[in-house]
1. Quote to one decimal, in nm, the extra length available between Glu286 and Arg130 on full extension: 0.36 nm per residue of separation minus the C-alpha distance between them.
2. Given H placed 1.01 Å from N in the peptide plane, which residues other than close sequence neighbours of Thr86 have an amide H under 5 Å from its amide H?
3. Applying the Karplus parametrisation 6.51 cos²θ - 1.76 cosθ + 1.60 with θ = phi - 60° to the phi angles of the stretch 205-218, what ³J(HN,Hα) value in whole Hz is obtained for each residue in order, glycine and proline being reported as x?
4. Tell me the carbon and sulfur percent of the accessible area for the stretch 235-279, rounded to whole percent, probe radius 1.4 Å.
5. Using a 1.4 Å probe, what is the accessible area per residue for the chain, in Å²?
6. Can you list the residues of the stretch 255-296 with backbone N under 20 Å from a point 7 Å past the Cα of Arg48, pointing along Cα to Cβ?
7. Across all directions of projection, what mean area in square nanometres is found for the Cα convex hull of the stretch 38-151?
8. Return the Rg/Rh ratio of the chain with Cα-based radii and a Kirkwood Rh.
Amino acid sequence: MVIGFFDRLSRPLMRALDPEDAHALAIKALRYVPVPRPPADPGELAVRAFGLNFPNPVGLAAGFDKNAQVPDALLRLGFGFVEVGTVTPLPQAGNPRPRLFRLESDEGVINRLGFNCEGAAVALRRLAARGNESGIIGVNIGANRDSADRAGDYARLVESFAPVACYFTVNVSSPNTPGLRDLQQATALDDLLARVLDAREQARPRSGPVPVLLKIAPDLALNDLDDAVGIARKHRVDGMIVGNTTIARPGSLRERNKASETGGLSGRPLFKLATRMLAETFVRAEGAFLLIGVGGVDSGPTAIAKIKAGASLVQLYTGLVFRGLGVVSEIKTDLLAALKRGHRNSLASMVGSDAADITAESWPG
Ligand SMILES: Cc1cc2nc3c(=O)[nH]c(=O)nc-3n(C[C@H](O)[C@H](O)[C@H](O)COP(=O)(O)O)c2cc1C
């Protein structure tokens, strides 16, 4: 009710604003407008993954609450988990504005924010102040643009955030920090994961074994994906997130002017590529770890397609911009209906059921 009212009131206003101003206003509203606690999710939607119990499989993707300002308000909107960040060790301004573009008729967004971040100390203080508040909050970590030791940045963040993070996402896939995506290449990734997992071991006596997930770009060549999955398996990471925004521009984009902006494309135009990469990752992981599917989820059917392609959990960001807050409960309702239709009592049996078929299709253009 409150969410529907909020949506109807705010969406026309938000769409009229500059996208970055609209985002700042949304964060402010979540800080000051009280959101009541939603009813508990039905048990059939519960997912056990990475050693954690998720009340439902619909998460908020990284980038919305970069500085951990409103994670609890976001959980109260009905998300099963919220990923804050990307957090970098030191504060940095990111790229000059404008750096965020809505492709209205494509229901896509291009961003080249470049890890604008208040820095680790601020986010850490906010998360520590939550105390024992329940709810799954993941912390997405990245390196400072000018860092001399990028792998060291990730390792330090793991050590400092381990007491407050339910899981970590090692983000090596944002296209807006020059050279960051090179950390996905075999030798660099091997070294990075070794240092991150070593840092987790150092923190283990204080924090327990915090799950570590690797977030990859949907633009990886398949032989690089072979390497990335192989290295992730070797290091026994807990999961992968597939994936980040794409630097590709599908020929179907209608907003040709905005499509030429530099940055990562998200939302509906990303769905096919990201879902294909998810299925490719699922067949390579062979059950060694579970996956989060992200990229173009904006409805029940798109969430179900991600699950069938191999996702145990899904995340969304851009779908929220175009579909409003109601999309979260709409997806949950559709998931419950799909379970009922299939006479299933959990989503786990649907995971990856279409992966082999999807990988046999021609490559999405
Ligand atoms: C404005 C914006 C900022 C983002 N910032 C981050 C980020 O800081 N770290 C990250 O890992 N992903 C970031 N992402 C990527 C999203 O987490 C997600 O992987 C991507 O947008 C695809 O999902 P979607 O189609 O549901 O938006 C950002 C996306 C958008 C649109």
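The values are calculated or read from the model by the stated rules, or taken from the named source; none is laboratory data. Small disclaimer: the values here were computed from a predicted structure and weren't measured. For neighbour counting, all protein chains shown are included, and Cβ atoms are generated from backbone atoms with ideal geometry for every residue, glycine included. These accessible areas exclude ligands, DNA and RNA; they are computed on the full protein's heavy atoms, side chains included. Shrake-Rupley method; radii C 1.70, N 1.55, O 1.52, S 1.80 Å.
1. 52.5 nm
2. Gly63
3. x, 8, 10, x, x, 6, x, 10, 10, 10, 9, 10, 7, x
4. 47 percent
5. Normalised by residue count, the accessible surface of the chain is 42 Å².
6. 287-292
7. Here the figure is 9.4 nm², rounded to one decimal.
8. Value, to two decimals: 0.93.
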